[in-house]
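Read through the structure below, which is laid out as structure tokens, and then see the notes.
Where a number appears in this text, it was derived from the coordinates with a stated rule and is not lab data. All figures in this text were calculated on a predicted structure; none of them were measured in a lab. Backbone-built Cβ (ideal geometry, glycine too); neighbour counts: all protein chains shown.
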Amino acid sequence: RSERAPFETRSYSTRDVDQSTQIAVAPRAIQPRTYNSASSRNDVADSVLDTPDTTSIPSSMLLYHSPEDRNVELTRTVADLEQKLQAFQMPISGKGAEMLQSSSAQIERISRDLDSTRAKIDSSTRALTIWLGRKKRLQTGDPINLASEVAISSEQVKAKQDAFNQVTHSFLQENEVLRFNPGDRDRERRVADLARERLTAMRELIESVRIAIQEELSKVEKQIETNTLLRVDLEAQLEQSRRDVEYVKALAGSDPRAREAKQLELQRLLDVARAELREVFRSGQ
């Protein structure tokens, strides 16, 4: 298995999760880091500032193909948390302000994307309501009048509607002539033929409306599904970016209480990740 780059995260639909997979692998050993100089300690501390905070994503939002994938993610999370905790014991060079500015800009970008995605979901939800209403009206109302609404967004329905209107016009015209010439047998046969053509055209029009409505419903439902998954992912990114800011502020700041609180939070997350990693390992034995 080829590993992804460190700290890379993935989001999956629950349908992607293989519930039948029961394989887990032993976690790779996490070697403690040693430092030979103040310069190397600075480098490691700065690398922590440059590393995205992947530990902030709720476990309920991290879905994996298999316990093996979960094992890899937990191993990386443990290593990440250990590195972050070690950074509090090291001097920090001047990257704090730069990282705060970068994280704040990222929060603004994600917030804009999130607002746009939510607006798309709202728009699609309104469209879904409209098309569901049309589906019900197709079954209980006047499908010919409904076709005029659907034809606005469907070229197929418009073509069938034009064909139906044309044969209807011919039928009415011939029937009007027959009304004044009741004994015209040729005209009677012509009217009868047009009546059958009109009935066929009407059935084809109704069927095209049914297909168009179903296609629109499928399209709108897919849009809602796609944008809902995107919204969940953006919400996770936003939470992560906000935690990045909190972490950098605590790490680069001079408030001892804020530093201690952040260290306690990271230690708690580390304990949880280690416990879950042990459980995944045991379940695979």
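Tabulated data
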quantity: Alpha-carbon Rg/Rh ratio, for region 196-285, with Rh computed the Kirkwood way; calculated: 1.47
quantity: Rounded to whole Å, sorted largest first: equivalent-ellipsoid semi-axes of region 135-209, Cα gyration tensor; calculated: 29, 11, 9
quantity: Relative intensity, log₁₀ I(q)/I(0), of region 174-224 from a Debye sum that treats every alpha carbon as a point, q = 0.23 Å⁻¹; calculated: -0.80
quantity: Cα-centred dipole magnitude for region 123-272, charges only on beta-carbon of K, R (+1) and D, E (-1), debye, nearest 20; calculated: 240
quantity: Counting all C-alpha pairs of region 90-235, share separated by more than 22 Å (%); calculated: 62
quantity: Sites Ile130 and Ser104, calculated FRET efficiency, Cβ-Cβ separation with R0 41 Å, nearest 0.05; calculated: 0.55
quantity: Calculated from backbone phi, Karplus (6.51, -1.76, 1.60) coupling profile of region 111-128 in Hz, x at Gly/Pro; calculated: 4, 5, 4, 5, 4, 5, 5, 5, 5, 5, 5, 4, 5, 5, 5, 5, 5, 4
quantity: Karplus-derived 3J(HN,Hα), 6.51/-1.76/1.60, for each residue of region 260-271, Hz, glycine and proline x; calculated: 5, 4, 5, 5, 5, 5, 5, 5, 5, 5, 5, 4
